[in-house]
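A.B. asks: I'd like to ask you about the structure that follows.
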Amino acid sequence: MKRFTTLVLSLVFAAVFAVSAFAQAGAQPTLTKIGWIDTGAFADEKEGVTKYINALKALDNEMKPRVTELQGIQTKVQAIAKELDDWSKRPANVPVDQKAVLAKQDEGQSLQRTFEFKKKEYDAAVEKRSGEVLGPVSADISKAIQEFAKSKGYAVVLDIAALANANAILALDPSSNITKEFIAYYNARPATAATAATPK
């Protein structure tokens, strides 16, 4: 349903702009200039939007201690699981300390609960800080796309990454790809207060 809605909205926008352009020209039909941008390319380390990449890196650096902690807990859980597995494979004539086995099982379960709790905390922190760190940059990019489209005479600029996710692309003309042109335009702009968010 979402895919169908996105496709319908895209077609409606294209039709509205085409009718508007036709009406403005009277009986003379004019071509509506439509371009598309691959917003997924904004995060490309080499050719992406510098401010967006810097914001992503800042977010990664801020979350790195939590990721390291989660990886450490996961490593311990895996080591305990291996140890328990090794004990279970011992020959029947080799005695196993059942108290030690139970203690290891308890330790593993406790670590697993800690991991799940800290993972939820991490996910919530990433969601919150993504809005705070990436939100202003994304808003500034959206504003710049409007300015870019107007200055270049585009009636419609589509987010091809969003349409691709919705499986709403039926045909695509590569000559309408203005991603690189927009990224060059945006990266050449001076820094603004809206994009100067720093991690806490």
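The values are calculated or read from the model by the stated rules, or taken from the named source; none is laboratory data. Here the structure is a predicted model, which means the values were calculated and not measured. Every residue, glycine as well, gets a Cβ built from its backbone with ideal geometry; the counts of neighbours run over all protein chains shown.
A.B. asks: Would you check if there is a residue in region 71-78 being at pLDDT 90 or above, closer than 20 Å to Asn177 by Cα, assigned to a helix (DSSP H, G or I) and in contact with a helix residue (DSSP H, G or I) (Cβ under 6 Å, 6 or more places away or on another chain)? Talk me through it step by step, then tell me what you get.
C.D. replies: Initially, region 71-78 is screened for residues at pLDDT 90 or above, giving 71-78.
Filter once more, keeping what is closer than 20 Å to Asn177 by Cα: none.
Looking for residues that are at pLDDT 90 or above, closer than 20 Å to Asn177 by Cα, assigned to a helix (DSSP H, G or I) and in contact with a helix residue (DSSP H, G or I) (Cβ under 6 Å, 6 or more places away or on another chain), one finds none in region 71-78, hence no.
A.B. asks: Let me ask something additional. Based on what the data block shows, is Ala55 of a type in the set (Gly, Ala, Ser), closer than 30 Å to Ile169 by Cβ and either touching a strand residue (DSSP E or B) at 6+ places or on another chain (Cβ under 9 Å) or surrounded by 10 or more Cβ atoms within 10 Å (Cβ to Cβ) (or both)?
C.D. replies: Yes: the conditions hold for Ala55.
A.B. asks: If you go through region 145-158 one residue at a time, how many are closer than 21 Å to Val49 by Cβ and surrounded by fewer than 16 Cβ atoms within 10 Å (Cβ to Cβ)?
C.D. replies: 5
A.B. asks: Now a separate question. Exactly one of (1) within 24 Å of Ala55 (Cα to Cα); (2) assigned to a loop (DSSP other than H, G, I, E, B); (3) of a type in the set (Lys, Arg) is unmet by Arg90. Its number?
C.D. replies: Result: Arg90 passes all but (1).
A.B. asks: Yes or no: Gly35 modelled with pLDDT of 95 or more, within 26 Å of the chain's Cα centre (by Cα) and of a type in the set (Gly, Ala, Ser)?
C.D. replies: No.
A.B. asks: Is it the case that some residue within region 152-163 is without any contact (Cβ under 8 Å) to a residue 60 or more places away in the chain, out of contact with any strand residue (DSSP E or B) (no Cβ under 8 Å at 6 or more places or on another chain) and of a type outside the set (Lys, Arg)?
C.D. replies: No - not one qualifying residue is present in region 152-163.
A.B. asks: Sort out which residues of region 93-117 are of a type in the set (A, V, I, L, M, F, W, C) and surrounded by 10 or more Cβ atoms within 10 Å (Cβ to Cβ), and write them in order of number.
C.D. replies: Val96, Ala100, Val101, Leu102, Ala103, Leu111, Phe115, Phe117, listed by residue number.
A.B. asks: For region 154-171, state whether one or more residues are among the hydroxyl-bearing types (Ser, Thr, Tyr), modelled with pLDDT of 90 or more, over 17 Å from the mean Cα position of the chain (by Cα) and not in a loop (DSSP other than H, G, I, E, B).
C.D. replies: Within region 154-171, not a single residue is among the hydroxyl-bearing types (Ser, Thr, Tyr), modelled with pLDDT of 90 or more, over 17 Å from the mean Cα position of the chain (by Cα) and not in a loop (DSSP other than H, G, I, E, B).
A.B. asks: Here's a follow-up. Within the bounds of region 7-16, is there any residue that is at pLDDT 50 or above, surrounded by 10 or more Cβ atoms within 10 Å (Cβ to Cβ) and within 28 Å of Ser142 (Cα to Cα)?
C.D. replies: no
A.B. asks: Which condition number does Val19 fail, the rest of (1) at pLDDT below 95; (2) surrounded by 15 or more Cβ atoms within 10 Å (Cβ to Cβ) being met?
C.D. replies: The single condition Val19 does not satisfy is (2).
A.B. asks: Being in contact (Cβ under 8 Å) with a residue 40 or more places away in the chain and either in a strand (DSSP E or B) or touching a helix residue (DSSP H, G or I) at 6+ places or on another chain (Cβ under 7 Å) (or both) is the filter here; which residues of region 127-151 pass it?
C.D. replies: If the condition is that a residue be in contact (Cβ under 8 Å) with a residue 40 or more places away in the chain and either in a strand (DSSP E or B) or touching a helix residue (DSSP H, G or I) at 6+ places or on another chain (Cβ under 7 Å) (or both), then Arg129, Ser130, Val133, Leu134, Pro136, Val137, Ala139, Asp140, Ile141, Ala144, Ile145 are the ones that fit.
A.B. asks: Could you tell me how many of the residues in region 180-200 are at pLDDT 95 or above and either crowded, with 18+ Cβ neighbours inside 10 Å or within 25 Å of Gly131 (Cβ to Cβ) (or both)?
C.D. replies: 4
Table: residues versus (1) surrounded by fewer than 15 Cβ atoms within 10 Å (Cβ to Cβ); (2) at pLDDT below 95; (3) of a type in the set (Phe, Trp, Tyr).
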| position | (1), (2), (3) |
| --- | --- |
| Pro29 | yes, yes, no |
| Gly48 | no, no, no |
| Pro65 | yes, no, no |
| Pro91 | yes, yes, no |
